[in-house]
1. Over all distinct Cα pairs, what is the inverse of the mean 1/r for region B:1-145, reported as the Kirkwood hydrodynamic radius in Å?
2. Set the bar at 25 Å for Cα to Cα. Now go through A:Lys41/B:Lys2; A:Lys55/B:Lys72; A:Lys12/A:Lys41 and name every pair that lies beyond it.
3. Using Cα-only point scatterers and the Debye equation, what is log10 of I(q)/I(0) for region A:1-55 at each q in 0.12, 0.17, 0.20 Å⁻¹, rounded to two decimals?
4. Taking a 18 Å limit on the Cα-Cα distance, which of the listed pairs A:Lys134/A:Lys210; A:Lys208/A:Lys306; B:Lys183/B:Lys338 fall beyond it?
5. Over region B:101-195, one equal point on each Cα, no solvent: what is log10 I(q)/I(0) by the Debye formula at q = 0.16, 0.21, 0.25 Å⁻¹?
6. What span do the alpha-carbon atoms of region B:108-151 cover on each of the three principal axes, reported in whole Å from largest to smallest?
7. How far apart, in nanometres, would the label points at B:Val104 and B:Gln309 be if each is projected 7 angstrom from Cα along the Cα-to-Cβ direction?
8. Considering only B:Asn70, B:Ile90, B:Met30, whose Cα is most displaced toward the positive end of the charge dipole of region B:23-108, charges sitting on Cβ of Lys, Arg (+1) and Asp, Glu (-1)?
Amino acid sequence: MSDQDRASLEFKGSGSEYFKIWIVNLFLSILTLGIYSAWAKVRRKRYLYGNTSIKGASFEYHASPITILKGRLIAVALLIVYSVLSELFPLVGFFLLILLFAFIPWIVWRSLRFNARMTSLRNVHFSFKGRLGKSYLFYLVIPFIFPLLISSLFSFGYSVLVYEYPIENFYNYFSDLINFPDYYPTEILILTVGSVSMYLLMIPYVQKIKMSYYMNNSCFGQGKFSSNISASKFYLIDILTFLVTAAVFLFPIMIFLLIYGFNAFFDYGSEFLDNVNSIVPVFFIFVAYVFMLSSVFLSTAFFTAKLRNYVYSNTQLNDNISVNSNLNTWNLFWLYLSNFFLMIFTVGLAYPLTIIRKTKYMAETVSVKNVEAFSQFVSQQEQQQSALGEEIGEAFDVGSGIEF
Amino acid sequence: MKLEGYCYEYGSAARRMATFNVEGIAFNLMVGDESIQSGELSELSFSERIGNTPRKVVFKDGSVFETQDNNKIDEVAFVGGNKYSISRRIQMLESKWRWALTSVVFLVVLGYFITSVMLPWAGRELAFIVPSKVNETISSGGIRLLDQKWFEPSELSDDKKNEIRESFTDLINTLPNSEFNYKLYFRNIGEANAFSLPAGEIILTDELVRLAENPEQITAILLHEIGHVHHRHVMQQVIRSSLISVAISMATSDLSALEDLVVVLPVFVLKSGYSQADEIEADAYMFEHMVRLQMNPIHFANVLQIITQDKSNIDGTTLKYFASHPETSKRVENAIRKSNEFLGDGDVF
């Protein structure tokens, strides 16, 4: 296939136009005590989708405001109950948090389905056909329950083999650990360090299976997306991200050592503190804050760029349409940093502009090969869906971990 | 009238260039020279206009005509019965700078009104609707928790404690009937301070008792803490921060985690701003009752100054900022003014 078949996504939204839409809709949402916010959400999304196009055909967002409103009312009721209860009784709040945790796979699954179903391109809807059980497996069992179970077994095994803990009393093991922590220091160490380190070591693998679950169950009409990604690449990207972050944090220390020499590091204290006035700490805190943010932005940009480029370039639709992404770490870093300062210096008024800038960059770095093959697709019938999962997810800030 | 665009058959992604012709109330969709749809405009439905995004015309059989020509489609839709009039009006608002600016002004004024009038009002009203039983539930176990985490047992002599307890009981008896059951505790945390829990538990620290120069100063502190309980400040705080977090979460539902950093700061400022107002309200309660008990409010000014000076001695650099905090000196000035009023009143009688 020739390169002429390759088409980039195009985004034509403008900051000033979106600002007007955003602010007027925010105004109307507040006037109607939040009822209109469902309509506002649909209008904002329709604007962003409608301005994203590929070879003159734009995306469309189809959710009905009434559906969004129903989901949103339930979600807000839950949020109010949660925040009042957790302010009053921190312990109840903690249990509710665990309850929410158990529902995360369901929330993610419902919102993936809803958002895919509500999106169309060239008159044909997307859909997500992943199963709920798999969502529980990938979002709860493998990342959390599995490490806990394995390290419990090791801890228990150690106790049985070394200290002859009666094996038939296994049901008492955890209560013993909690009630007599002084008697089981090694067991507790194995349990906690074991599960935490297993969790950490599995992060790239978990990212991979979530991404694979999302990609390989997404459909466009009757066409299926397929993504051939490997966990080893995710490990590589995560390790590199870690090294980038470490390098960024070490950088200022190196500069300091170069300027003042190693000795200064040890005896600067007395002289330095004598000259402290009240301005210096404030200035220092500001510099440290901006620096920390920059390093967070840089590692996020690095991770996002590498990961999306890798996943997209290995993704196909029905074997004959391929996708590509060429995000650049530095461009993305600059986007995050400049958007952050835009928000700060306009007290949040530039929010719509930051969204436009981000959407534009994220869209225009995606390209699709063999666009004309889109003609073969037809919409599939599917039942109506509620927006409950999507709205609860938004209200409680639950992420699917696979957004780009 | 002629509109250029693409047409799609029902549910299909295959597209063809098409021309949509309108004459009066009749339409005709042409692909090349072939007419594939015709009829009256009233049979069609039009997607709503948002900015300059492409528009869709949906025909009776579900096939679709898509065009970028927003202005012409608005005219056509108007002839076809204007099926989206509310949306059209909203789009008019969205496209004008003067409405955008009006919204900005409104939001700023409203934001000010909500944070400075409505939230405190709602907090106050709701705090007094909540039964006082709930206050006891929040308090229950509070002392025990504080004992485990921060408090050490008091090292004051029993005589000193009993002396203060007696004057505390006398003080409580002079207060008008209250639904709270006030209790006094002595604890040690290594600095001068006093606390209250929502069900009426009041805690004095050893350091404060030592620093106080006379019983009136301790009474002033006790009355200030009773003021917090009386005005149900903890409950108000709970209600306000619940409302703030719900409101913030609704307003920023599509912020990403990075942008959340920007939101944290105003929330923090808002919450600490309210607690200053609570202090001043507790002070007012204390002044009122000191005057009623024929005590000079100057005692409060004195003890406040002693405490802040003591704090600034602990760590000269970091706490200097907080000690010279305008709110503290304002409260001291307030107490001096009340004291002058009190002495002035005395002269009249």
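1. By the Kirkwood definition, the hydrodynamic radius is 19.7 Å.
2. Among A:Lys41/B:Lys2; A:Lys55/B:Lys72; A:Lys12/A:Lys41, the Cα-Cα distance tops 25 Å for A:Lys41/B:Lys2.
3. Log-scaled intensity ratios, in q order: -0.39, -0.60, -0.73.
4. Going by Cα-Cα distance, B:Lys183/B:Lys338 fall outside the 18 Å limit.
5. For region B:101-195 at q = 0.16, 0.21, 0.25 Å⁻¹, log10 I(q)/I(0) is -0.93, -1.16, -1.25.
6. Principal extents (Cα only, largest first): 46, 25, 8 Å.
7. It is 5.1 nm.
8. Farthest towards the positive end: B:Ile90.
Taken together, the values in this text are just the output of simple stated rules run on the coordinates, not laboratory data. For clarity, every value in this text was computed on a predicted model and none was experimentally measured. Virtual Cβ from ideal backbone geometry, glycine too; neighbours counted across all protein chains shown.
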